[in-house]
Every structure is written in C-alpha cells, then in structure tokens.
Amino acid sequence: TLCALLIVVAACAGPARPEPAIAPPNPPSPHQPVPPAGMEEPMHARNDFGIRLLAELLPDTADRNVFVSPPSVLLALSMALNGARGPTREAMTGALGFAGLENDEVNRLNATLLASLDTDDPDIELDVANALWVRSGIPLAREFVHACAEHYRGRAEELDFDAEHAVATVNEWVRNRTRNRIPSIVEHLGREDVLLLTNAVYFKARWAGPFAPEETREQKFRPAAGPPRLTPMMRRTGEFDYREDDELQVIRLPYGRGNFAMYVLLSAETGVDALVAKVADGGIGPELTGLTRQPGRLVLPRFRVESGGRLNDTLGRLGMAIAFDPRRADFQAMLPAEIDMEFFISEVVHKSFIEVGEEGTEAAAATGVRMSMTSMPAEEEGFVMVCDRPFLALIRNEATGTILLIGAVNDPTR
C-alpha cells in the first residue's frame, strides 16, 4: 500500500507551441483505492479534515502558497486525544473526524494508516515518525505513554525543558526526519510547557515518466493576485490517464511503480477557493474517478513551496477551541490518577515543504503540539492542459485514498 500526489489546478490553454517528442506512455491506472475493511469511512473523514483545514487557511493566503499534511496534524493531535476527557475529547473527535469513536478505535485506525504508508518501491521514499518530549520530573500516565508507543510508534523522551539544548534537540529530530527540509518546529519552551508531541513526514519520488528538462521554458503564469509572472513551465506530450467535463480537467501523473501519483485538477473558470469549496462539499474521491488513457499535452509549472504557522485559530474554527482554553481544557488522562495538574494545548505549529520538478517530487511536513500547565510560572488530436493559474495540490495514498499533503500554489515564483 502506497501513496499519491494530487494537484488541483485553475488554468487555461495558452498559444499553440511546437510539440516536444512523444514521451513514453504512463503505466495503466491502478484500480480505484480499496481501503481495508472498516477503513473507508475513516479515510474519507481524514481527507475531509484536510480539505476543511485548507479551506480555513485559504482566505488568509490569497497571494501566497500554502500546503498542509492532514496525517501529520491528525497523528500529532490524535496522540494528545489519548489524554483528553469529557467535552474536550468530544470537541477534538468532532473536529478531527473521529466523532463517536473510542480511543482504542481511533488508535487502531491510525496504526493502520501508518502501516499503509510503508513502501518497498525503490523510486519512492516515505518516512512518517512521531515522538513525545516530556519535561523532566513530569509523570505521565502509563496508559497514555503505552498508547502513543504501540499505535503511533512514538517514544517518550524525558527532556530538561529549561536547558539551552532542549529546543535544539527537538528541532534536530524534526530536521533529521525531514531530511533538512523542515529545519525547526519549536522556537522556545517556557516554564509552563510540560509536553511536546511531534510528527514528521518525508516523501520523495521519481516520476514514472519524467519531464524532459530541455522542454522546460519560461511562460507567463497568472497568479491569484498581481500581474502575470514568467515561470519555468515543464512540458510533456504523450498518453495520460485523463478526463474532462465543462468545468474541470483531471490528469494523473504516476510515480515509480504507479502506486503513488500526482493528480492535477484544472478548473476552467474558477479559482482555488471555489475548487476547494467544491471538493469540500462533494468530497475529493468523485473528482478522481473515470480517468481513461488519452493522448494529450500537459504544461505544468516547476515550483517549490515552503509554508507554515500556528493552527490554533484555524483548529478552533473547526470546533476544538476548548482544547486551547486554559480554564476549560481537560487532559487529565495524560497523568496518573494521583497527580492533580491541569493541561491545555498552548500551540499547534505546522510546517510544510514541496518541490516539483522534471524528475519528480520531494515533500515534507512537521507538526508540533505544545501542552502547557494552566498555572505555573500537441498538435495531434487530444487534450491540451496548461496550468498557468493558481492550483491546488495534494499527495494521496492510492491504496487507501488517504491524503498525505494538500495545498494551494497561488504564485510559483514566490
């Protein structure tokens, strides 16, 4: 079971250009993802969470590019969920797409997700890691530590939060796990901070059919805001898995053995916001079905995006504001019964990186959940698809349909 990248694009065709040589055809499309028994509904819920998260972030990023990794955020917050009780837990499960599920069920689903991301494809590297960093002297409930270790492969490390090396230790772990693509996830640790839950994701894959570098040349890209900008545009002509209707073009670009793929969704008239709203209402799955082998020509920008920031307000709008409230949050299940301390989530930070070029794609993401105490100090017949306007991108696990990374490119030159 492996993973895939989806790119949703809003663009229109440019002037006719001489066609490059026909590239070798892509491998046949795999069957529609068939998640393991009992996993289809959780997969849709995870994807829905990612799309809702992106939809909340887009209004503040009209002139910027933004990417998020839904599994990275979900896995980090799911570890924290094991310590939540009462209304705090209810709010978190609702926001994350786990409403009605007990912790054991959530943990088993996430363990299955982690297992499904393992791959033996030599052209694909995928690493997902979790860790817990505990302030020295703070006891954690054995059940909480065991759940994180067994289901999330997350080992609890005791750390002197007051030492100068504490922040560097956490950031070094993130940097190593993301192959230096995410250099840091935490800036400081205060006296009130007692626990840091971290997740890191790294993905690197070669196209099954690469773009020829000599065919890449500058072309105008029309960003969401501002005048057109000259942008290196990759070109490829050949047979693709493709479909279109009056509103949308969809294309599949596989990686390696074909179990991972990039999907590009190109809207005829609407921008990224409207496209995200559409898939938020109807789900992303229906947009990725019905592709057939067709000859055509694709023009896609080469781009590199680094984005990130605090998700407190965004997650609050999704329904889990109580978890950030020092007076109402209840994470007592993180502690042994005899210990009376009050924890809350003081900060959720998420950072992402993606680079798409002629040979393939490299992407990384990291999430940090900081817990604190409440008080303490072509010319041939076929389609033409030119991605010269803002587009949406996501990496999807083809076997289960789980979205690994999702985001919007409003200006690839920035």
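Scanning segment 206-240 for residues that are assigned to a loop (DSSP other than H, G, I, E, B), surrounded by fewer than 16 Cβ atoms within 10 Å (Cβ to Cβ) and in contact with a Pro (Cβ under 8 Å, 6 or more places away or on another chain) yields one hit, A212. Against the test of being of a type outside the set (A, V, I, L, M, F, W, C), crowded, with 19+ Cβ neighbours inside 10 Å and assigned to a loop (DSSP other than H, G, I, E, B), the options T400, T367, T314, T413 yield a single qualifying residue, T400.
Of the residues L253, L195, L159, which single one is buried (at least 20 other Cβ atoms within 10 Å of the Cβ), under 27 Å from A399 (Cα atoms) and touching a Lys or Arg at 6+ places or on another chain (Cβ under 9 Å)? Working first, answer last.
Numbers: L195 fails: under 27 Å from A399 (Cα atoms); L159 fails: under 27 Å from A399 (Cα atoms).
One residue alone meets the criteria, L253.
Residues of segment 280-306 that are touching a Leu at 6+ places or on another chain (Cβ under 8 Å) and assigned to a helix (DSSP H, G or I): E287, L288. Among the candidates E379, E347, E358, E362, which residue alone is modelled with pLDDT of 95 or more, more than 19 Å from G137 (Cβ to Cβ) and over 21 Å from the mean Cα position of the chain (by Cα)? The match here is E358.
Y202 passes every criterion in (1) in a loop (DSSP other than H, G, I, E, B); (2) of a type outside the set (D, E, K, R); (3) crowded, with 18+ Cβ neighbours inside 10 Å; (4) in contact with an Asp or Glu (Cβ under 9 Å, 6 or more places away or on another chain) apart from (1).
The condition (being crowded, with 20+ Cβ neighbours inside 10 Å, over 24 Å from D388 (Cα atoms) and touching a strand residue (DSSP E or B) at 6+ places or on another chain (Cβ under 9 Å)) is satisfied by just one residue among F303, F331: F331.
Within segment 73-101, being at pLDDT 95 or above, over 21 Å from the mean Cα position of the chain (by Cα) and farther than 15 Å from F344 by Cβ holds for N82, E90.
The values are calculated or read from the model by the stated rules, or taken from the named source; none is laboratory data. This one's a predicted model, so the numbers in the text were calculated from it and none came from an experiment. As a convention, Cβ positions derive from the backbone with ideal geometry for all residues, glycine included, and neighbour counts pool all protein chains shown.
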